[in-house]
Each structure stands twice: as structure tokens, then as C-alpha cells.
Amino acid sequence: MDEYHTEETAFAVEDVSKIINESVEAAIGGHAYQHNRVNQWTSIVVEQCLSQLTKLGRPFKYIVTCIIMQKNGAGLQTASTCFWDNNSDGSCAVKWENKSMYCIVTVFGLAI
């Protein structure tokens with residue numbers, strides 16, 4: 001491990017995954033899918049994730065995305081790619097679901 005890649009500066013997937021799951025549960029955990037609330041829920045999830053990520057105090061710029069989709073048999077295909085430093089940057093994607101919807105949250109962490 002090099003001197004610049006320490007626990008304090010590493011992209012910690014475990015910490016990020018926990019933050020994502022807690023944010024999703026807090027925003028939509030007990031709710032059934034409601035089309036008129038999806039914009040509010042996605043905003044709450046990304047803002048809560050970003051707030052908690054910045055509290056970690058790590059030297060990263062973060063990008064947070066959130067997709068909420070009703071469970072109705074429709075397909076969803078998504079992809080992303082990044083040109084970055086594999087030694088310092090990272091990403092974490094979490095798929096959460098309940099009986100009526102899916103929520104997919106992705107966090108990209110770019111070292112400063």
C-alpha cells in the first residue's frame with residue numbers, strides 16, 4: 001500500500017453502502033410505490049447520502065444517482081463508465097427493493 005492510499009483517504013465501499021441503505025430506508029422504507037412521490041423520494045435519498053458522505057471527512061468529490069422504479073414487470077438496463085484513477089477513486093451501487101418498487105443508488109467518489 002502506498003503512502004497516499006491510507007484508510008483515511010481510501011474510498012470505503014462498506015461505509016458508503018451502509019450510508020446508502022440507511023438513506024433509502026429512512027426515505028422510502030415503509031412506503032408502497034406512489035408515482036407522485038418519486039421525485040421527492042429520489043431527492044431525499046441523494047441529499048441524505050451526500051450529507052452523510054461529506055460527514056465522513058474524506059478527500060472526495062461525490063456524485064450520487066438514484067433510480068426508483070415500480071415493480072410491474074418492466075425491464076431496466078443501465079450502464080456507466082469512468083475514466084479515473086483506480087488507486088484512489090471508487091464507486092458503490094446498491095439495489096434496494098420492497099414489495100412494490102426498486103431503488104438503485106450509485107455513488108462515485110473522486111479523490112481530490
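The values are calculated or read from the model by the stated rules, or taken from the named source; none is laboratory data. Just so it is clear, the structure is predicted and the values come from calculations on it, not from any experiment. As a convention, Cβ positions derive from the backbone with ideal geometry for all residues, glycine included, and neighbour counts pool all protein chains shown. The accessibility values were calculated without ligands, DNA or RNA, using every heavy atom of the protein model including side chains. Shrake-Rupley method; radii C 1.70, N 1.55, O 1.52, S 1.80 Å.
Tabulated results
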| read-out | value |
| --- | --- |
| Cut-off of 10 Å, at most 13 other beta carbons, DSSP loop: longest stretch of the chain lacking such trypsin sites (Lys or Arg not before Pro) | 1-70 |
| Pairwise centroid distance, computed over Cα atoms, of the range 17-59 with the range 69-112, Å | 13 Å |
| 10 Å Cβ shell holding at most 15 others, DSSP loop, GluC sites (Glu not before Pro): longest site-free stretch of the chain | 9-112 |
| Point-charge dipole on Cβ atoms (K/R +1, D/E -1) for the chain, about Cα centre, debye to 20 | 700 debye |
| Sparse-neighbourhood loop sites, chymotrypsin sites (Phe, Trp or Tyr not before Pro) in the range 1-76 - DSSP loop, at most 14 other Cβ within 10 angstrom | 4 |
| For the range 82-94, Karplus couplings with θ = phi - 60° (6.51, -1.76, 1.60), whole Hz, Gly/Pro x | 9, 10, 8, 8, 5, 7, 10, 8, x, 8, 8, 10, 10 |
| Accessible area per residue in Å² at 1.4 Å probe, computed on the range 1-95 | 68 Å² |
| Contour minus Cα-Cα distance for residue 102 and residue 79 (0.36 nm per residue) | 6.6 nm |
